[in-house]
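One structure below.
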Amino acid sequence: MFSSDNWQEIFQTIKKNKLRTFLSGFTVSLGLLIFITLLGLGNGLKNSFNQFFMDDATNSFYIFPGQTSIPYGGYSVNRTIEFKNDDISDIQRNFPEYLEYITPKMHRNGTISYKNESNSYTYIGVAPSHQIAEKTILMKGRFINELDIKNKTKYAVIGRLVEDDLFGNENSLEKYIVINYTAFRVIGVFQDEGGDNQERSIFIPYSTIQLQEKNTDKVNHIVLAFKPEIGYEGAMIFEEKLTTFFKEKHSISPDDENAIYIRNVADDMNENQQLSGVLTLIVSFVGIGTLIAGVIGISNIMVFVVKERTKEIGIRKALGATPFSIITMILQESIFITVIAGYFGLFMGIFILQAIGNKLEYYFILDPYIDMGTAITATIILITFGAFAGYLPAKRAAQIRPIVALNDK
Amino acid sequence: MIEIKNLHKSYKIGKNELHVLKGINFSVESGEMVAIMGSSGSGKSTLLNIIGMLDILDSGTYTLDGVPIVELNETKAAKYRNRFLGFIFQSFNLISYKTALENVALPLYYQKISRKERESKSMHYLEKVGLSNWAAHLPNELSGGQKQRVAIARALAAEPKVLLADEPTGALDSKTSYEVMQLLQQINDEGKTILVVTHEEDIAKMCKRIVNLKDGVIINDEKINQKRAIDYV
């Protein structure tokens, strides 16, 4: 079946029937090209979606204290709940199996100046792990560390735009800025993908703020991250346990919805992932549709090719060709063409995706790509179906009585 | 060489059954040149197609060179055709994208003969029909007579026992027809058995025996004095 003689016969047919060869090859190439391009662009759309919605760490809880709405445990209604340092250490002690890191967060506003420049900014008292929670990227210097917390140092990490505003072209590192009449040394500059607002803020050790405020141990609100491996279900359980814990500790009625608020990013993420899942579904639908169209296209061409060759098949049979030799001849030819054309389409598609690159970012298509496994699977599917689609009419043609085939005009 | 007994064949056309051959008894000796004559619809082409295993019989027996032709599936028929029979058609039936030489070589390809041997053998038969200079030409570059001679070379290339010609001169003018008949006579002189289906009196008279068919039965079967085509060319 695979003798060189056979191949020579097939190469001759391919060479002498250029239109037919072109048509079947073109269908396969075009099908794959469109499949890869569409799927790649769909992936690009997903990329920009993920970039928009997956900015902050996705395993965080933001815990805010509120006011009680139900009298409980001897306290009257409208009591303000406050978190203190021991809330943080209690969480660390009680939930080590869930907790990855935890940081208090204390927002303050104030006038901040350097030499003659001054402006009003938000400065935030945090712990070192805040850097992970907000995915803060340091441009230079370092972030606040545990030693700073312990020593209540007067160090500040400033946003990129704060440096721009106050220092102009000057390097801010190791310079002193004044925050509410107290001098702080700049130890780092950060950027954040969250936008301008975030880059116009300043981080200082939370213990330093507590010291300034008459050595209080209040911490405003708390940001913590759970271990990603506990998954969405685990996060939900953790949230419930945390709520119960806080309500017990602060003597809040179990039914009070206002005293404590936990924002669970995992919950947001779940919604985003559902949206992203819908996108995947649409992209797959388009991909499968294109593939089916390609399979139908190649099937049509194969039916046409066999029809066109009916008379030739009759002649060959009259001269002694067996049905088996007719089928293998047609199949070998069609598989050969689809394999060559398939890989041509495959590489053209990948080439187009690379050429597009980030040129369509404006249309929310970022970094389109196709996973090589998918592309090759699609190619193999088209080739297989092309062969299968060729097999049926070839088998039928091979069974036609030669006299009928010879009379075919 | 060929022995046919009580052959019946009918075709279904819609609901009606058309009884084309109604009990044919017919035999051909080795080295004969037989003309099968009859008006259109007499069943002469059907008989030839059954002899050529292009079509199957309904009832009766058919023996070719001592081999009973029974239980004919397509694969078996293909092998018999390749080994025993050479075909010459009215419409030549050359493959249009193959050169004259490649067309002649095609039955040898199905005999699994090596490429080199195929080429030298086909060239030999092209020379025999006087077309060695046209070996590299495609069929549409040849005249009708030349095409038929390529077809004859193709039929001879497989070295069959019997040549079957279905209206071999039907698409040719009389001068070319006689040239083709001359070639067939020459091949017959060398000992090859030939069956010619024709409705032309003058072509039939160039064979050695005429079998007349009418409405599916043989009405006349006689040996004649062969007219040599060379006298008319």
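Details
- Space enclosed by the convex hull of the alpha-carbon atoms of the range B:116-209, per residue, Å³: 96
- Buried accessible area, chains A and B (both chains, 1.4 Å probe, Å² to nearest 100): 2500
- Legend: residues A:I381, B:I50, sorted from most to least accessible area (1.4 Å probe; ligands, DNA and RNA excluded), read A:I381, B:I50.
- Between A:N145 and B:K15, the simple label model (points 7 Å from Cα in the Cβ direction) yields a spacing of 10.3 nm.
- Entry note, the range B:2-231: relative contact order of 28 percent, from Cα contacts under 8 Å with a spacing of 6+ residues.
- Taking only Cα atoms of the range B:2-231, radius of gyration then Dmax in Å: 17.4, 53
- Here each label is just a point 7 Å from Cα along the line to Cβ, and for A:T244 and A:Q191 those points are 4.6 nm apart.
- With one equal scatterer per alpha carbon and no solvent term, the Debye-computed log10 I(q)/I(0) for the range A:60-264 at 0.08, 0.17 1/Å reads -0.31, -1.13.
- D_trans [Stokes-Einstein, Kirkwood Rh over alpha-carbon pairs] for the range A:197-341, 20 °C, 1.002 mPa s, µm² s⁻¹: 92
- Accessible area of A:M139 (1.4 Å probe, protein heavy atoms only, ligands and nucleic acids ignored): about 90 Å².
- The range A:106-122 residues near the modelled A:L161 label - backbone nitrogen below 19 Å, point 7 Å along Cα→Cβ: A:107-114, A:117-122
- In the range B:48-90, the residues that give up 40 Å² or more of accessible area when the other protein chains are added, compared with the chain on its own (1.4 Å probe), are B:L54, B:E74, B:A78, B:R81.
- Helical segments meeting 15 Å axial Cα length and Kyte-Doolittle 0.0 threshold in chain A (DSSP H): A:18-53, A:265-308, A:323-356, A:372-399
- Between A:V303 and A:Q8, the contour length at 0.36 nm per residue exceeds the alpha carbon distance by 103.9 nm.
- Too-long pairs where the Cα-Cα distance tops 20 Å, listed order kept, from A:K150/A:K249; B:K9/B:K44; A:K152/A:K249; A:K317/B:K128; A:K18/B:K121: A:K150/A:K249; A:K152/A:K249; A:K317/B:K128; A:K18/B:K121
- Separation of alpha-carbon centers, the range A:360-374 and the range A:86-141, rounded to whole Å: 36
- Using a Förster distance of 56 Å, the FRET efficiency for A:L281-B:N220 (Cβ separation, nearest 0.05): 0.10
- The ellipsoid that matches the Cα gyration tensor of the protein assembly as shown has semi-axes, each √(5λ) in whole angstrom, of 97, 27, 16, with the longest given first.
- Accessible area, probe 1.4 Å, largest first, for residues A:R79, A:R263: A:R263, A:R79
- Using only alpha carbons, the range B:2-116 has a radius of gyration to Kirkwood radius ratio (Rg to Rh) of 1.00.
- Complex-versus-alone comparison for the range A:12-34, residues with a loss of 10 Å² or more in accessible area, probe 1.4 Å: A:Q12, A:T13, A:K16, A:N17
- For chain A, built as a Gaussian network whose Cα springs stay under 10 Å, the top-fluctuating residue of A:G168, A:G277, A:G40: A:G168
- Solvent-accessible area lost in complex, 40 Å² minimum, residues of the range B:93-107 relative to chain alone, 1.4 Å: B:N93, B:I95, B:Y97, B:K98
- For the range B:2-231, carbon and sulfur atoms together expose 47% of the accessible surface, with a 1.4 angstrom probe and every protein chain in place.
- Note on the range A:298-405: the C-alpha convex hull projects to 7.9 nm² when averaged across all orientations.
- Rounded to the nearest 10 Å², the accessible area of B:K227 at probe 1.4 Å: 90
- Using a Förster distance of 51 Å, the FRET efficiency for A:E170-A:F26 (Cβ separation, nearest 0.05): 0.20
- Taking all protein chains as they are arranged and a probe of 1.4 Å, the heavy atoms of A:S253 leave approximately 10 Å² accessible to solvent.
The values are calculated or read from the model by the stated rules, or taken from the named source; none is laboratory data. What you are looking at is a predicted structure, and each value in this text was computed from that prediction instead of being measured. When we count neighbours, we look across all protein chains shown, and the Cβ atoms used for this are built from the backbone with ideal geometry, even at glycine. Areas reflect the complete protein model, heavy atoms only, side chains present, ligands, DNA and RNA absent. Shrake-Rupley method; radii C 1.70, N 1.55, O 1.52, S 1.80 Å.
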